[in-house]
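Here is the structure we will look at.
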Amino acid sequence: MTQISNVDIKELVSQYGSPIYVYSQNQIENNYNKIKSAFTKYYPKTKIHFSVKANSNINILEIFKNLDAGTDCSSPIEFKLSKHAGFQNNNILYTGNYESIEDLETVAFENVKLNLDDINSFKRLATINVPELVSFRINPGIGRGGFEGITTAGTDAKFGIPYEKAYEAYKLAKEAGVKRFGIHMMTGSNNLEPHFFGEIVNRLMNIAHDIFSKLDIKPEYVDIGGGYGIPYTNQEEELNIDLTAKIVTDIFKEQCLKFNFGEPELILEPGRYLVANAGYLITQVTGIKDSYKKFVGVNAGMNFLIRPAMYGAFHRAEVYGKSNLTTHINLCGQICENSDIFAKNLEFPEVEVGDIVTFRDVGAYGYVMASNYNNRLKPAEILVNDNKHKLIRRKETFEDYFNLYQ
Ligand SMILES: Cc1ncc(COP(=O)(O)O)c(C=O)c1O
């Protein structure tokens with residue numbers, strides 16, 4: 001590949017150097033409009049809250065602000081970033097886990113939508129404040145994700161309240177004075193199968209009915225989390241978002257009617273779907289080695305893109321101006337770990353030092369998971385829109401890094 005939106009990758013490297021993270025605003029806007037229109041077509045009271053953990057650059061958050069989205073935050077800093085990006089509190093969800101008193105103090109009086117992870121989270125919250133509106137994260141007993149590490153419900157998951165115990169949490173909250181209620185789940189990330197979303201929504205709605213009918217409450221919102229996947233390889237197919245929306249909203253509307261829930265807000269918290277395919281990591285070849293295998297090393301590794309080392313994830317990588325795949329290589333970074341290998345036995349062009357290698361689909365869980373391991377400074381982030389580009393976070397400097405020492 002040679003371009004991102006209408007900007008030449010060589011121009012970006014000559015202006016900003018490498019490695020750099022680059023995001024396409026056009027792609028982010030397309031992704032948002034696609035999922036939003038798919039759902040609102042069938043259920044107008046659907047609200048999209050961008051999951052900040054996927055990409056927390058404030059300039060990216062501002063794009064979502066201008067699209068009229070909300071955010072979903074998992075930590076006090078994500079809440080503060082949302083505020084700085086201009087989101088109103090009623091457009092902010094806070095979904096933590098094992099929330100500390102200090103975490104809860106940040107949001108307890110803010111009138112944000114709180115999805116609490118446990119009955120004990122509510123007990124900790126109640127020592128600070130009992131808000132008017134509370135929701136609990138339910139573990140519906142099943143989960144599914146692209147990897148085990150991103151499967152966030154089911155009997156092995158650390159998240160949420162087992163559905164059998166959720167009644168106790170709502171009962172306690174009601175007795176403590178909570179007036180309005182939501183319900184939440186997040187069962188796993190990177191799912192490409194539309195019917196899975198239908199299955200979990202059906203389950204959550206039945207759980208909601210079971211709890212709410214006993215307590216005589218109606219949900220103000222039903223938050224079905226994120227998890228909408230993207231294809232990372234040429235073999236995978238895109239998630240059919242229109243079919244997903246149809247399946248989910250058909251079940252949702254039918255259950256709302258059956259259980260007399262009225263018309264609660266349907267909330268989605270996508271992260272990956274909105275930003276993953278809008279992000280690129282642009283690197284350059286630093287060394288080529290004929291060892292027992294042939295290795296090509298680039299100037300970013302698991303320090304800046306950890307998904308391959310962490311989950312065994314694959315990111316397509318392309319060389320600028322070279323598309324003839326005439327050799328096989330192991331593509332790696334410069335980090336002193338043998339897990340710092342992006343792909344093994346990869347069909348690749350013949351390259352030389354300095355060639356530009358662009359990794360795809362890194363807009364979600366890319367920069368946010370970057371570290372300073374081996375004491376390398378985090379790269380800059382660039383935003384591209386049509387034929388324009390701008391720096392949206394500068395590269396770290398030695399001074400930034402050194403200034404933390406006492
Ligand atoms: C509570 C919650 N909501 C939303 C998301 C976003 O998930 P995804 O990027 O798969 O859409 C996550 C990711 O782990 C999450 O934990």
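The values are calculated or read from the model by the stated rules, or taken from the named source; none is laboratory data. Just so we're clear, the structure is a prediction, and the values are computed from it rather than from any experiment. Don't worry about glycine lacking a Cβ; one is built from the backbone with ideal geometry, like all the others, and counts go over all protein chains shown. Calculation scope for accessible area: heavy atoms of the full protein, side chains included, ligands and nucleic acids excluded. Shrake-Rupley method; radii C 1.70, N 1.55, O 1.52, S 1.80 Å.
Couplings 3J(HN,Hα) for the stretch 228-240, derived from phi with the Karplus relation 6.51 cos²θ - 1.76 cosθ + 1.60 (θ = phi - 60°), are 6, x, 10, x, 9, 10, 5, 7, 7, 9, 4, 5, 7 Hz, where x marks Gly and Pro.
Determine the relative contact order of the stretch 1-111: mean sequence separation of Cα pairs under 8 Å and six or more apart, normalised by residue count, in whole percent. About 19 percent, as a whole number. Overall dimensions of the stretch 56-270, expressed as equivalent-ellipsoid semi-axes from the Cα gyration tensor (√(5λ), whole Å, largest first), are 25, 22, 17.
Each principal axis of the Cα cloud of the stretch 198-355 was evaluated for its coordinate range; sorted largest first, these ranges are 69, 30, 23 Å. Computed with the Debye formula from one identical point scatterer per Cα of the stretch 56-115, without solvent, the log10 of I(q)/I(0) at q = 0.22 Å⁻¹ comes to -0.78. The percentage of C-alpha pairs in the chain whose separation is greater than 29 Å is 47%. Taking every alpha-carbon pair under 8 Å whose residues sit at least 6 apart, the stretch 56-270 reaches a relative contact order of 16 percent.
Share of carbon and sulfur in the accessible area of the chain stands at 47%, probe radius 1.4 Å. Taking the DSSP beta bridges with both ends in the chain, the antiparallel portion is around 45 percent. Here M369 sits with roughly 50 square angstrom of accessible surface, probe radius 1.4 Å. Evaluated with a Cβ-only charge set (Lys, Arg +1; Asp, Glu -1), the stretch 8-85 carries a dipole of roughly 380 debye about its Cα centre, given to the nearest 20.
Springs between alpha-carbon atoms under 10 Å, Gaussian network over the chain: tell me which of Q284, Q15, Q255 tops the mean-square fluctuations. In the Gaussian network model the winner is Q15. Once both labels are positioned 7 Å from their Cα atoms along Cα-to-Cβ, the gap between K123 and S75 label points is 2.7 nm.
For G70, the residues 5 or more places off, or on other chains, whose built amide H falls under 5 Å of its own are I48, H49, F50. Here the dipole of the chain is about 300 debye; that uses its Cα centre as origin and unit charges on the Cβ of Lys and Arg (positive) and Asp and Glu (negative). Short-range pairs are left out: with C-alpha atoms under 8 Å and at least six residues apart, the relative contact order of the chain is 20 percent. Take the Cα of Q334, go 7 Å toward its beta carbon, and the backbone nitrogen atoms of the stretch 362-406 under 19 Å from that spot belong to 367, 370-381, 394-402.
Place a point 7 Å from Cα of E347 in the direction of its Cβ. Which residues in the stretch 221-258 have their backbone N less than 20 Å from it? What the label zone holds, given the 20 Å backbone N cut-off, is 231-238.
For D361, D250, D156, the ranking by accessible surface with the largest value first comes to D156, D250, D361, using a 1.4 Å probe. Using heavy atoms of the protein chains and a probe of 1.4 Å, the accessible area assigned to R272 is about 10 Å². The length gained on full extension between T397 and N260, counted as 0.36 nm times the residue separation minus their Cα-Cα distance, comes to 43.6 nm.
Summed over the residues of the chain and divided among them, the accessible surface reaches 44 Å² per residue at a probe radius of 1.4 Å. Residues whose amide H comes within less than 5 Å of that of Y94, counting only those at least five positions distant or on another chain, are C73, K113, L114, N115 (H built at 1.01 Å from N in the peptide plane). Residues whose amide H lies under 5 Å from that of I161, counting only those 5 or more places away or on a different chain, are R137, I138, N139; hydrogens are built 1.01 Å from N in the peptide plane. Across T152, T106, T187, mean-square fluctuation computed from a Gaussian network of the chain (C-alpha pairs under 10 Å connected) peaks at T106.
Report the normalised scattering of the stretch 1-112 as log10 I(q)/I(0) at q = 0.19, 0.21 Å⁻¹, calculated by the Debye formula with identical scatterers on the alpha carbons. Those come out to -1.00, -1.10, one per q. Counting only helical runs of four or more DSSP H residues, what would the 222 nm mean residue ellipticity of the chain come to if each run contributes -39,500 (n - 2.57) and the total is spread over all its residues? -9000 deg cm²/dmol, from helical runs alone.
Distance from the C-alpha centroid of the stretch 365-406 to that of the stretch 1-77: 18 Å, rounded to the whole angstrom. Mind grabbing the accessible area of T2 for me, 1.4 Å probe, Å², rounded to tens? The accessible area of T2 comes to roughly 60 Å².
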